[in-house]
1. Can you pull out every residue in region 320-339 that is assigned to a helix (DSSP H, G or I) and either free of Cβ contacts under 8 Å to residues at least 60 places away in the same chain or open to solvent by 70 Å² or more (accessible area, probe 1.4 Å) (or both)?
2. Which residue is nearest to the chain's Cα centre (by Cα), if the candidates are limited to region 251-301 and must be open to solvent by 50 Å² or more (accessible area, probe 1.4 Å) and within 16 Å of the ligand (Cβ to nearest atom)?
3. Quick check on region 184-195. Is at least one of its residues exposed (fewer than 14 other Cβ atoms within 10 Å of the Cβ), in a loop (DSSP other than H, G, I, E, B), away from the ligand (no atom under 14 Å from the Cβ) and in contact (Cβ under 8 Å) with a residue 60 or more places away in the chain?
4. Looking only at region 37-51, filter to residues that are of a type outside the set (A, V, I, L, M) and assigned to a helix (DSSP H, G or I); which one of those is most open to solvent (accessible area, probe 1.4 Å)?
5. Would you check which residues across region 133-146 are open to solvent by less than 50 Å² (accessible area, probe 1.4 Å) and out of contact with any strand residue (DSSP E or B) (no Cβ under 8 Å at 6 or more places or on another chain) and list them?
6. Looking at region 52-64, is at least one residue out of contact with any Gly (no Cβ under 7 Å at 6 or more places or on another chain) and not in a helix (DSSP H, G or I)?
7. Looking only at region 239-248, decide whether some residue is open to solvent by less than 10 Å² (accessible area, probe 1.4 Å), over 36 Å from the mean Cα position of the chain (by Cα) and either among the hydrophobic types (A, V, I, L, M, F, W, C) or within 25 Å of Glu142 (Cβ to Cβ) (or both).
Amino acid sequence: MKDQLMEIRKKAEEELSKVQSMQELESLRVKYLGKKGQLTSVLRGMGALPAEERPVVGQLANEIREFIERTLEDSRQNLMRKERALKMEQEAIDVTVPGKRRFLGKKHPLSIVMDEIKEVFLGMGYEIAEGPEVELDYYNFEALNIPRNHPSRDVQDTFYIDENVLLRTQTSPVQIRVMEKKKPPIKIICPGRVYRSDAVDATHSPIFHQVEGLVVDKGVTMGDLKGTLQVFARSLFGEKTEIRLRPHHFPFTEPSAEVDVSCWTCGGKGCRVCKGEGWIEILGAGMVHPKVLEVCGIDPDVYSGFAFGLGVERTAMGKFNIDDLRLFYENDVRFLRQF
Ligand code: DAH
């Protein structure tokens, strides 16, 4: 029986030294130590031994069991080390391979210009006001002194939702909303989206952006308006920029003017961009009409104000030398990455 046990020990040692995988290891454990394993079956035969030999054989069997257990454990550790080493090798990273370039997101050109415009006016002490894009006819037209038969009220220009509700065609209605609630001094700009029933082409879009400005106080003059717009034009288009006011008509201002800036491309000499004029129109402005002040409960004999409305797309096209407004809305990343 001792020989049998020693034979088991020798075979186990031999087989365990050749083990290649965890499965093999497990089947060897079952083979030697399992319930039906070799060692177990030898021990079962111990009852047939003379009483004095049993402790000796028993001890030997225990030693062999311990030996096999230890060897199993050693092999298991060994295999794990090998597996880990192999995994490390397979997952190794070659830090010398060139990386893939990631592009960061950028601000949209319209947002760049919008933010710059806000900065300039915030710097001059203006506050930002907002109004709804779905607007009442009253605010968009009526209160702004735009009469019933005015062409801008035509369905060809305005998206109506019903008789009294429409998509605002300008940011000017925010003037009324502000003056209804707040008494002078008032100094605000209202940036926002506006809607007109225009077909899309290089210079038209049914949705575009405006920034409205409004200043109401005692003794506000046309000179204040001109000075303000001068500061604005120079911060946006450069220190050499000049502005020019041309007489015009808006129902909500009197007098009214269209405002041109000296051409950002040729500086005023005349070129392709300004169509030889030397000037480019960028906004409408004027002194707030007394009727408009009155409608909002502000006494035109005490207060006066100026207002202006600026097209953001136009300004951005000028600033970035872009000749097609559709580029702003197509969101082609090759275009957007350039800003
Ligand atoms: N709302 C006018 C437009 O969309 C622009 C404008 C002109 C706004 C004169 C004003 C202004 O506040 O005083 O064409």
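1. Passing the criteria: Leu327, Tyr329, Glu330, Val333, Arg334, Phe335.
2. Ranking the candidates gives Glu281 first.
3. No, region 184-195 has no match at all.
4. Among them, the one singled out is Arg44.
5. Within region 133-146, Tyr139, Phe141, Ala143, Leu144, Asn145, Ile146 qualify.
6. Yes - at least one qualifying residue is present in region 52-64.
7. The answer is no, given that none of the residues of region 239-248 is open to solvent by less than 10 Å² (accessible area, probe 1.4 Å), over 36 Å from the mean Cα position of the chain (by Cα) and either among the hydrophobic types (A, V, I, L, M, F, W, C) or within 25 Å of Glu142 (Cβ to Cβ) (or both).
The values are calculated or read from the model by the stated rules, or taken from the named source; none is laboratory data. Just so we're clear, the structure is a prediction, and the values are computed from it rather than from any experiment. Cβ sites come from the backbone with ideal geometry, for glycine too, and all protein chains shown count toward neighbours. What goes into the accessible areas is simple: the full protein's heavy atoms, side chains included, and nothing from ligands, DNA or RNA. Shrake-Rupley method; radii C 1.70, N 1.55, O 1.52, S 1.80 Å.
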